[in-house]
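The values are calculated or read from the model by the stated rules, or taken from the named source; none is laboratory data. Worth saying up front: this structure is predicted, and the values here are computed from it rather than measured. All Cβ positions, glycine included, derive from the backbone under ideal geometry; neighbour counts span all protein chains shown. With ligands, DNA and RNA removed, areas are computed over all heavy atoms of the protein, side chains included. Shrake-Rupley method; radii C 1.70, N 1.55, O 1.52, S 1.80 Å.
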Amino acid sequence: MKILHVSAQKPDYTGSGIYLKNLIGWGEQSGHQQMLVAGFTPEDTFLMDSLGIPVEPVLFETPQRPFPLPGMSDTMPYRSLRYRDLDAEKRAAWEEGFREALEKARDQFQPDVIVSHHLWLLTSLVRRVFPDTPAAGISHGTDLRQMESLRELAGPVCRDCALLDRIFALNDHQREKILRVLHCPEDRVVVTGAGFDQGIFFPGPPRERSGPLRILYAGKLARAKGLAPLFRAVRSLASRRPVTLLLAGSGREEDELRLEAPPEAVFLGRLSQKQLGEEMRQADIFVLPSFYEGLPLVLLEALGSGIPVVFSDLPGVRSWLGEELMATGALHPVRLPRLTGSDRPLEEDLPRFEEDLEKAMERAADSPVNPPGLAALAGRRGWGPVFARIGEELEHLTKLK
């Protein structure tokens, strides 16, 4: 097939970017011709070259678009603009850039099928530029949040995305939400899940815990990730035992979070996937205290590396992980605080959340590292089955063309 991949964001920097890079890798292994239209800045030449396929970039922070690349989350791990801050002039420049890139890809590449990430403004534009080409959209969760918070933009987006030939959801909970929002035929929304790279995330040699308890967090450095409650929970835990909190990632709130972090915190910066795998093999616990997520691939990466995980009990995550993984004793869910309409935690619920985080980390500290069978069970959630399902659906769409 000739597959055109489309993303309004940079590949590689976020969960959806990792998903995109792995999807491109699958396409290469499967012998498909591929091309990518995505948002970049002029400094991203190396990233574009590393993808190994033709790229039609839409550049930001340039004279044509002198503003940062908009991000699906309010806080991104690179310079970004919130969609809510796109005024009419910026939005017109944004759309002009992506329309030109899509039309160029249409005329020169002539794709058989399109895979567009996030059910948001760009996927809406894809459906309008390619009304007769089979197109699939992948929801990563943040798109559904944008629909809820920016209702003045959501109407046209929903109408266009409902016309997609396929929509790939990450879990059953998300699928039900997509059907409620888009009112599209049920057979067009397919649950594919998400996976991880078993060549990068695998267990280290057997070892006993020694020295300070090494607690690892990986993701955007943002308040929405629950880092402030985590800091307070670590402070309390550190009063009873030696602890090191390792924070892998970056974000525009990093400077203020550094000021709030406990003395036990070590900021590692943004790591490559390979570097993150190495850190996971040395960690004792992985923790993800987010208030919301699309699908936290990093949980699978930690489990595949053989370490227990503490995580916010986010909707759909337990069913995605499955009963077998949940029964291993390596997963320690923490009940979320109640959230406001803007997904901010209620202040009165935070003390309980912090106490539960601390208790869960203590339980995880008593869990064995590299328990038998954990990595193998996690490995069933590798990228192979995910992309086999996607490939099957895409081939079906091209045959219907």
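Numbers for the structure displayed
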{"quantity": "Cβ charges +1 (Lys, Arg) and -1 (Asp, Glu), total dipole of the chain, debye", "calculated": "320"}
{"quantity": "With every protein chain in place, the chain: carbon and sulfur % of accessible area (1.4 Å)", "calculated": "48"}
{"quantity": "Order by protection proxy (mean Cβ within 10 Å, highest first), peptides 344-352, 12-20", "calculated": "12-20, 344-352"}
{"quantity": "Sites matching trypsin sites (Lys or Arg not before Pro) across region 218-257 that sit in DSSP coil, with at most 14 neighbouring C-beta atoms within 10 Å", "calculated": "Arg240"}
{"quantity": "Top positive-direction residue, dipole computed over the chain with Cβ charges, set Cys161, Pro134, Ala261", "calculated": "Ala261"}
{"quantity": "Separation between Cα centres of region 292-357 and region 359-377, rounded to whole Å", "calculated": "15"}
{"quantity": "Farthest positive-ward along region 167-314 dipole, Cα basis, beta-carbon charges - from Val234, Gly251, Leu221", "calculated": "Val234"}
{"quantity": "Gained length - Glu152 relative to Glu323, 0.36 nm times residue gap less alpha-carbon distance", "calculated": "57.6 nm"}
{"quantity": "Largest to smallest accessible area among Arg166, Arg99 [probe 1.4 Å]", "calculated": "Arg99, Arg166"}
{"quantity": "Peptides 210-217, 1-8 ordered by average Cβ neighbours within 10 Å, highest first", "calculated": "1-8, 210-217"}
{"quantity": "Principal-axis tilt of helix 151-161 within the chain, Cα atoms, nearest 10 degrees", "calculated": "60"}
{"quantity": "Exceeding the 25 Å Cα-Cα cut-off - candidates Lys21/Lys90; Lys225/Lys359; Lys10/Lys225; Lys220/Lys274; Lys10/Lys274", "calculated": "Lys21/Lys90"}
{"quantity": "Matching label, Cα extents along the principal axes in Å computed from the structure shown, candidates (i) 57, 48, 36; (ii) 64, 42, 41; (iii) 63, 47, 40", "calculated": "(ii)"}
{"quantity": "Where labels lie 7 Å past Cα in the beta-carbon direction, separation of Asp12 and Lys274 in nm", "calculated": "1.2"}
{"quantity": "Fraction of antiparallel bridges per DSSP, the chain only, in percent to nearest 5", "calculated": "0"}
{"quantity": "Förster radius 35 Å - calculated FRET efficiency between Asp87 and Ser30 (Cβ-Cβ, nearest 0.05)", "calculated": "0.25"}
{"quantity": "Where region 337-401 is the region considered: accessible area per residue in Å², 1.4 Å probe", "calculated": "54"}
{"quantity": "Residue (of Val334, Leu297, Gly316) at the positive-pole extreme of region 291-340, dipole from beta-carbon charges", "calculated": "Val334"}
